[in-house]
1. Just need log10 I(q)/I(0) for region 77-208 at q = 0.19 Å⁻¹, Debye formula, equal scatterers on the alpha-carbon atoms, no solvent, rounded to two decimals.
2. Given H placed 1.01 Å from N in the peptide plane, which residues other than close sequence neighbours of Asn101 have an amide H under 5 Å from its amide H?
3. Quick one: which residues, 5+ away or cross-chain, put their amide H under 5 Å from the amide H of Gly18? H built at 1.01 Å from N.
4. In a GNM of the chain with a 10 Å cut-off on Cα contacts, which of Asp20, Asp137, Asp110 has the highest mean-square fluctuation?
5. Based on DSSP, what percent of beta bridges with both residues in region 4-212 are antiparallel, to the nearest 5?
6. Whole-Hz ³J(HN,Hα) for each residue in region 198-214, computed from phi via Karplus 6.51 cos²θ - 1.76 cosθ + 1.60 with θ = phi - 60°, x for glycine and proline: what do you get?
7. So which chymotrypsin sites (Phe, Trp or Tyr not before Pro) in region 124-199 end up in coil per DSSP with only 15 or fewer other C-beta atoms within 10 Å?
8. Report ³J(HN,Hα) in whole Hz for each residue of region 160-165, in order, from the Karplus equation J = 6.51 cos²θ - 1.76 cosθ + 1.60 where θ = phi - 60°; Gly and Pro get x.
Amino acid sequence: MLPWHQQIRVGFDLETTGRDPEEALVVTASLVVVDPRGQLAAAYEWLVDPGVPIPEESSAVHGVTTEKARAEGLPADQAIVEIADTLRDFFDAGIPVIAFNASYDFTVMDRELGRRGLEPLQNRWIIDPYIIDKQVDRYRKGKRTLTDVSAFYGVELLDAHTSAADSLAAVGVADQLASRYPKLQIPLADLHSFQVRWKAEQSASFQEYLRRKDPAAVINGDWPVQGR
């Protein structure tokens, strides 16, 4: 069987109303399907009216204003169901979903579903290039944003902070990681389990560092969904 980065895979990204995944509401969502040759095969995109004003600082990042969301977006109740159902279809098919800093996006989705009394996602195979990059090249200096990591691995990122571009770039970074580090070409179940452990270890290390100055600092190490 071909390694996962040479099979069908899906990129996923959300743009939202804010940075805190406990409170953030979905504004745009994208799922991009990449074929075994690395070509874009299909794309699913949503523009969502979150039902509340979108903060100006968030609009400045992703370009969606309150007015645009209200005029052109789907009602949030409808959009969240559609996004979740599409994710479930990929999970049920055993297709890996790739998301950069996945714990943010999947925590946002978890809370959006919870607010509506809907079943949470059964997150099967998720690949997070953010976690993996920090694990395989932990001492590299510099930022680890998607823009910076994409540049480091030679992945083109146009229209950064749009969900479609970010989801496609996440796939590109994951592919580069798998190509450069053959030890990542393992069964998806194993890779998923490793990422759970790596995220916990990375968060514990960062928390220890922060507590040198702030003894109360807490970094959530849950992945792919943060516990409450």
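Every number here is computed from the coordinates shown, using simple stated rules; none is lab data. Quantities reported herein were computed from a predicted structural model and do not represent experimental measurements. Cβ sites come from the backbone with ideal geometry, for glycine too, and all protein chains shown count toward neighbours.
1. Here the Debye-derived log intensity ratios amount to -1.20.
2. Tyr130, Ile131
3. Those lying under 5 Å, H to H, from Gly18 are Leu25.
4. Asp137
5. Details: 15 of 21 bridges.
The antiparallel fraction comes to roughly 70 percent.
6. So the J values, rounded to whole Hz, are 4, 4, 4, 5, 5, 5, 4, 5, 5, 4, 4, 5, 5, 6, 5, 10, 10.
7. Values: sites: Trp125, Tyr130, Tyr139, Phe152, Tyr153, Phe194, Trp198; in loops: Trp125, Tyr139, Tyr153.
Within region 124-199, the qualifying chymotrypsin sites (Phe, Trp or Tyr not before Pro) (loop, at most 15 other Cβ atoms within 10 Å) are Tyr139.
8. Running phi through 6.51 cos²θ - 1.76 cosθ + 1.60 with θ = phi - 60° gives 3, 6, 9, 5, 5, 5 Hz.
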